[in-house]
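Comments concern the structure below.
The values are calculated or read from the model by the stated rules, or taken from the named source; none is laboratory data. From a predicted model like this one, the values you see are computed outputs, not experimental measurements. All Cβ positions, even for glycine, are placed from backbone atoms using ideal geometry, and neighbour counts span all protein chains on display.
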Amino acid sequence: MYPIKLNAFFYWLLLVIFMLNEPMPVSAQQNPALLALPDGVWTALPNTAINDVSGMDIGCCDYTLGCDHSGIFSYSGATLDTQGQRIILWGGGHNDYFGNQLLIFDIASLQWQMQTQPTSVCFFNDTPDYQFTNGLPVSRHTYDHIGYINHLDVFFAFSGATADAPPFNNGTSYGDAWTYAFNGAGWVDRTPGLSGDQGFRLAEPGASGEYDPLTQAWFQISQYGIWRLDFNNYRWTQLSETGHPGIERVSVLDTQRRLIWTYGGDYGGDARLSSYAIDSNTFTIVSEQNLPGATSGAGLVYDSANDQLVLFGNGQSNSVFNYDIGQGVWTEFASNNGPPATRRLYGRFQYDAINNVFFLIDSMETVWVWKNQLGSNLPDIIFEDGFEEMLSVQESM
């Protein structure tokens, strides 16, 4: 089938028809430009280069390693702030990137913002540590160890492979914990208050974690077992001695079944799909065959609108894979447009339920958006000049 070309006028017409036929008014939190995007097509959002954000310079960086901003993606993830409608990106670490700045992608404006300025690497300790001498956290490979804690309205980060100034470059995992509050309190080191099992088995790099808003707790999925962190006392409790084999994986909460799904683990083992039932404390290896691909840290999300898992980043193609939870079947949606094949995304593939879109952050130049294709054989749609103007409609609405 030939691709369909839509110029700006016809795209505006589709947008108007969509809004007139909506039975309910568009919420203030929804973005009309995202709602109007077609299904089954990748869209590159204009003017979303991270390097265009001012203040990225980390200062004193005269090392041969750790100064390239693109290292912020290295073995690192992101998370969705469901209250603030923003994606929080934090990463780097080891000898890939020394900057510890929090970057925010605002879904309302579709623009990057600098939430915190990077600490100059002049503040590195003389010996390896999980924090700078000014008390702020050192950057690290964040893997899938970060999340948004809804009931506290804070960003949470646990352990990871930290950055060390030469000659160390150890990428040490300290088992430290941090929260960042958006109400002005900023970073708080929660490590001194931690209690319970804090050994390597809990803090192993490449494990995965997920927040459950009902129990208001964080669940860490290690290959050595499963732990729960309660935020009222910052105490770790081991729930199971059985965990997801291998490392470099991603976990996501299925809110309907109250399951934490985990995918990956091929670094040190074979890729698997597992589930952890929060209420019954039951861990199950669901599948070891017919998976989208054995990959490290693929992007995995729970699509609540369609009650399915969606995966991107199998390292072999730029296909999107939908997992029918009831049938236990993966369906591949191939695309001849969109971002290149990738892996090690962790949380940099996010589902926004308010706008029913998927965000991909895997480039310093572009943020990509995908809307799920649900059984319809849609053609690829090529946008002509004028898409940038369409995206800015929200500013005048």
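Points worth noting:
- When residue 341 is tested against (1) among the aliphatic types (A, V, I, L, M); (2) outside any loop (DSSP other than H, G, I, E, B); (3) surrounded by fewer than 21 Cβ atoms within 10 Å (Cβ to Cβ), only condition (2) is not met.
- The single condition among (1) buried (at least 18 other Cβ atoms within 10 Å of the Cβ); (2) within 20 Å of residue 78 (Cβ to Cβ); (3) touching a residue at least 40 places away in the same chain (Cβ under 8 Å) that residue 353 does not satisfy is (1).
- Extreme residue, modelled with the highest pLDDT, among residues of the range 160-177 that are assigned to a loop (DSSP other than H, G, I, E, B) and closer than 18 Å to residue 89 by Cβ: 160
- Number of the condition not met by residue 66 [criteria: (1) in contact with an Asp or Glu (Cβ under 9 Å, 6 or more places away or on another chain); (2) buried (at least 18 other Cβ atoms within 10 Å of the Cβ); (3) modelled with pLDDT of 85 or more]: (3)
- Leading residue by the ranking (surrounded by the fewest Cβ atoms within 10 Å (Cβ to Cβ)) among those in the range 75-109 that are farther than 21 Å from residue 251 by Cβ and aromatic (Phe, Trp, Tyr): 105
- In the range 110-138, the qualifying residues are those that are buried (at least 20 other Cβ atoms within 10 Å of the Cβ), touching a residue at least 60 places away in the same chain (Cβ under 8 Å) and not aromatic (Phe, Trp, Tyr), and the one that is farthest from residue 72 (Cα to Cα) is 110.
Yes/no matrix, rows are residues, columns are (1) of a type outside the set (Ser, Thr, Tyr); (2) assigned by TED's automatic domain parsing to the domain that holds residue 363; (3) in contact with a Pro (Cβ under 7 Å, 6 or more places away or on another chain); (4) over 27 Å from residue 352 (Cα atoms):
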position	(1), (2), (3), (4)
86	yes, yes, no, no
90	yes, yes, no, no
97	no, yes, no, yes
101	yes, yes, yes, no
110	yes, yes, no, no
117	yes, yes, no, no
124	yes, yes, no, yes
135	yes, yes, no, yes
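- Extreme residue, surrounded by the fewest Cβ atoms within 10 Å (Cβ to Cβ), among residues of the range 293-320 that are touching a Pro at 6+ places or on another chain (Cβ under 8 Å) and part of a loop (DSSP other than H, G, I, E, B): 319
- Selection within the range 252-292: residues that are within 21 Å of residue 316 (Cα to Cα) and in contact with a Phe, Trp or Tyr (Cβ under 8 Å, 6 or more places away or on another chain). The member of this set that is surrounded by the fewest Cβ atoms within 10 Å (Cβ to Cβ) is 290.
- Qualifying residue in the range 185-193 (condition: modelled with pLDDT of 90 or more, buried (at least 22 other Cβ atoms within 10 Å of the Cβ) and aromatic (Phe, Trp, Tyr)): no
- Residues that are modelled with pLDDT of 85 or more and either loosely packed, with under 14 Cβ neighbours inside 10 Å or under 27 Å from residue 158 (Cβ atoms) (or both), drawn from the range 24-50: 47, 49, 50
- Condition broken by residue 203, with the remaining ones in (1) modelled with pLDDT of 95 or more; (2) under 19 Å from residue 155 (Cβ atoms) satisfied: (1)
- Within the range 230-251, tally of residues that are surrounded by fewer than 23 Cβ atoms within 10 Å (Cβ to Cβ), in contact with a Leu (Cβ under 9 Å, 6 or more places away or on another chain) and modelled with pLDDT of 95 or more: 1
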